[in-house]
Amino acid sequence: MSRVCRQVHVSSYYWSAGKMRLTVVRAMVGGLVSVLIILQLIHLSMISWLENKATAITNGRRSAGSGSLPSRNNHSLRSRTKIHLEAKLDTTGSYKIYHSYMKSTAAVSRKTHEALPSDVTLITQCSVNNLYHLVDLVVRWQGPMSVAVFSVGPDISTFNNILFTLRECFPGIKENVTFHLVQPITEITETLSSSSAKALPFTKLPCETILSSLKEQTFQATSQTKNYALQVPYPNNVLRNVARSGADSRFVFVIDIDMLPSAHLRTQFLHLSRSSIILQEETEYSKRTAFVVPAFEIQKGEEVPRTKERLVLDAAMYGRIRPFYVEDCPHCHNHTDYHRWERSKGTPGAVNIAYTVEWKPMWEPFYIGHRDVPLYDERFKQYGFNRISQVCEMHVAGYNFAVLDTAFLIHKGFKEKSAYHAHKLQENRRNKELFLHFQEELKVKYPESSKRCQT
C-alpha cells in the first residue's frame, strides 16, 4: 500500500513539475512577445525621431538656398507644401507607408465632415522613374487621383525633387493628385536621414523643358534594367491598397501609371451614375458591379486616341493598336470580348453599359468599381496573379461584370516578352502556388458562396 502511495506521490510530483515547466515556458514566450512588441515600438519611435530630425535639417538647408527648386516665385516651395511624415507598417512589417505624403490642394480644402462625393478617383502606383507619366494622365482624367510611389535607396531625394517640380510646373497635378510614399523598412532611416536636399539638375530648368528632362532621366535610369528588376520585390498590391486608401469618392478606377483612359471617361461615367436609377443610390447593384473598361496597347511613340471611333480605325487600318497583353497573356483580357465591344455602337460623347459577362479563370480586367470592392492581397509581389487574385475574389463574393460601350484604356507601348526581366517566369510560378492557397482561403472567407475560381 505504501509503495502504491509513493508511486502516486512521485507521479504527482512529476506531473506538478511538468505543469510548472509548462507555465514557465508560457511565461517566457509571453515575455518574449512583450519584449518584441516593445522593441518594435522603440524602433518605430527612433525612425520617426530620425525622420523628423532629417526633415528639419532638410528644411534648414533649403531655407539657406541649398537644393532649392527653380526660383519661379519669391516663396519657398517647401514652405507652401506640407509633407506628411507619420508612417505605418504594412501587414507584413516589410514596408514603411506614408499615407498622404503630399495631399492635393482639392483634398486639403475638402472638409472632413462633408459627405463622400459621388466621384471617381483614379488609383495608380509606380516607381520614382515613372512619375513623368502623370503629366499626360492628369490632363486626360481631369479629376481626383491617388498615387502610391515606391522608393528604394537614394530614390527619396529624386522623388522629393520630382514631386515639387511636377506640382510647381503642372497645376493639375497640384490640384488633383495626392501622393503616398512606400519604402522598404530596412532602408528608410538611412535614406531619409541622408542628404535628401541635394538638387537634381532638371530642377533648375524652366517648366517648358521639365517633362523632356524627366523622360530623359528615366530612360537613362531604366536602360540598364527591365520591368520590376529592382533591388527588392516590387509590392504592387501593397501600393494599390495604399493608393486606394487615399480615395475620398464613391467609385475608384485602378489602372497602371503608363496607361491613358479615353477622353472624358470620368465625366461620362459620372453622368451615367447620376442619370441611371440603379446607380443613383447605394444599391446592391451599384456596390456589387464592376464596370469593365476594355484595355488596349499602342505602339510606342504613337499618339494615343481619344475616342472609340479613332481607336477602332487605328487598330483596323494601321495595326498600331491591339488588345492588352495579347502577346504574353491573351486569356488575361480576351474574356472582355473585344469583337463584341467593337461592334457595340454606343452614343458619341456618352458612356453606357454595352453588355455583361460572366467571370472566367485568369481574367484580370480593369474596371470602375465601388470604393468597397475587395482589397488586393498584399502577399502577391512582382509578376503574376496580383490582379487576377483580386478579380477572382470579386467573383466568389458575388460581383457582376458589365462592359462599358465607349470607354477604353490604352497602355503606352506594346507589351513584349523581351521587355521582362529574367526572373519573371520564376515569379509567376511562385505566385501561382500562392494563388492556389488563396483560392482555398476564399472558401473559408465566403462560406455561403458556391462560386469558385479554380484555374
Note to self: Every residue in the range 323-334 that is of a type outside the set (Phe, Trp, Tyr), open to solvent by less than 40 Å² (accessible area, probe 1.4 Å) and within 19 Å of Gln390 (Cβ to Cβ), please.
What the structure shows: Cys329, Cys332, His333
Notebook entry, point to check: Could you say whether any residue in the range 293-302 is open to solvent by 20 Å² or more (accessible area, probe 1.4 Å), in a loop (DSSP other than H, G, I, E, B) and either touching a Pro at 6+ places or on another chain (Cβ under 8 Å) or of a type in the set (Asp, Glu) (or both)?
Noted result: yes
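Test Arg452 against the criterion of being of a type outside the set (A, V, I, L, M), surrounded by 13 or more Cβ atoms within 10 Å (Cβ to Cβ), over 25 Å from Glu358 (Cα atoms) and at pLDDT 90 or above, and give yes or no.
no
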Next item on the list: Looking for whichever is over 21 Å from Val391 (Cβ atoms), free of Cβ contacts under 8 Å to residues at least 12 places away in the same chain and β-branched (Val, Ile, Thr) here; the options are Thr267, Thr307, Thr283. Which one fits?
Entry: Thr283
Check: Among the candidates Arg310, Arg340, Arg306, which residue alone is in a loop (DSSP other than H, G, I, E, B) and either of a type in the set (Asp, Glu) or open to solvent by 80 Å² or more (accessible area, probe 1.4 Å) (or both)?
Finding: Arg306
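Results for (1) part of a loop (DSSP other than H, G, I, E, B); (2) acidic (Asp, Glu); (3) more than 19 Å from Ile210 (Cα to Cα); (4) modelled with pLDDT of 90 or more, shown as yes or no for each residue.
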position	(1), (2), (3), (4)
Glu114	yes, yes, yes, no
Pro117	yes, no, yes, no
Thr121	no, no, yes, yes
His133	no, no, no, yes
Leu166	no, no, no, yes
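Which of the residues spanning the range 313-322 are part of a helix (DSSP H, G or I) and open to solvent by less than 80 Å² (accessible area, probe 1.4 Å)?
Filtering the range 313-322 for residues part of a helix (DSSP H, G or I) gives 313-318.
Listed by number, the residues that qualify are Leu313, Asp314, Ala315.
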Notebook entry, point to check: Of the residues that sit in the range 201-219 and are open to solvent by 60 Å² or more (accessible area, probe 1.4 Å) and within 25 Å of the chain's Cα centre (by Cα), which one is modelled with the lowest pLDDT?
Noted result: Phe219
Next item on the list: Look at the range 344-357 and say how many of its residues are open to solvent by 30 Å² or more (accessible area, probe 1.4 Å) and at pLDDT 95 or above.
Entry: 4
Next item on the list: Residues being over 21 Å from the mean Cα position of the chain (by Cα), among the hydrophobic types (A, V, I, L, M, F, W, C) and more than 12 Å from Ala407 (Cβ to Cβ): count how many of those fall in the range 259-288.
Entry: 4
Margin query: Just to be sure I understand the filter: pairs with C-beta atoms under 8 Å, separated by 6 or more residues or on different chains, first member in the range 72-100 and within 29 Å of Ile185 (Cβ to Cβ) and open to solvent by 80 Å² or more (accessible area, probe 1.4 Å), second member part of a loop (DSSP other than H, G, I, E, B) and modelled with pLDDT of 60 or more. Which pairs pass?
Written below: Lys82/Lys103; Thr91/Glu378
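Determine which member of the set Val391, Val403 is among the aliphatic types (A, V, I, L, M) and part of a helix (DSSP H, G or I).
Numbers: Val403 fails: part of a helix (DSSP H, G or I).
Going through Val391, Val403 in turn, just one is among the aliphatic types (A, V, I, L, M) and part of a helix (DSSP H, G or I): Val391.
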Checklist line | Only one of Lys415, Lys445, Lys360, Lys451 that is basic (Lys, Arg) and closer than 30 Å to Lys96 by Cβ | finding: Lys445
Check: Which residue pairs have Cβ atoms under 9 Å apart, sit 6 or more places apart or on different chains, and have a first residue in the range 418-447 that is closer than 16 Å to Asp377 by Cβ and a second that is loosely packed, with under 11 Cβ neighbours inside 10 Å and at pLDDT 80 or above?
Finding: none
Note to self: Looking at (1) of a type outside the set (Gly, Ala, Ser); (2) out of contact with any Pro (no Cβ under 9 Å at 6 or more places or on another chain); (3) assigned to a helix (DSSP H, G or I), which one does Pro374 not meet, given that it meets all the others?
What the structure shows: (3)
Notebook entry, point to check: How many residues does the range 358-377 hold that are over 21 Å from Tyr285 (Cβ atoms) and open to solvent by less than 70 Å² (accessible area, probe 1.4 Å)?
Noted result: 5
Notebook entry, point to check: Name the residues in the range 404-423 that are closer than 17 Å to Met259 by Cα and at pLDDT below 90, would you?
Noted result: Lys415, Glu416, Ala419
Check: Among the residues of the range 414-421, is any among the acidic types (Asp, Glu) and surrounded by 14 or more Cβ atoms within 10 Å (Cβ to Cβ)?
Finding: no
Notebook entry, point to check: Of the residues that sit in the range 241-256 and are open to solvent by 10 Å² or more (accessible area, probe 1.4 Å) and within 16 Å of the chain's Cα centre (by Cα), which one is modelled with the lowest pLDDT?
Noted result: Asp248
Check: Does the range 257-272 hold any residues that are under 18 Å from Asn129 (Cβ atoms) and open to solvent by 20 Å² or more (accessible area, probe 1.4 Å), and which are they?
Finding: Asp258
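The values are calculated or read from the model by the stated rules, or taken from the named source; none is laboratory data. The model shown is predicted, which means the values in this text are computed figures rather than measured ones. Note: ideal-geometry Cβ built from the backbone for every residue, glycine included; neighbour counts use all protein chains shown. Each accessible area value is taken on the protein alone, full model and side chains, heavy atoms only, with ligands, DNA and RNA left out. Shrake-Rupley method; radii C 1.70, N 1.55, O 1.52, S 1.80 Å.
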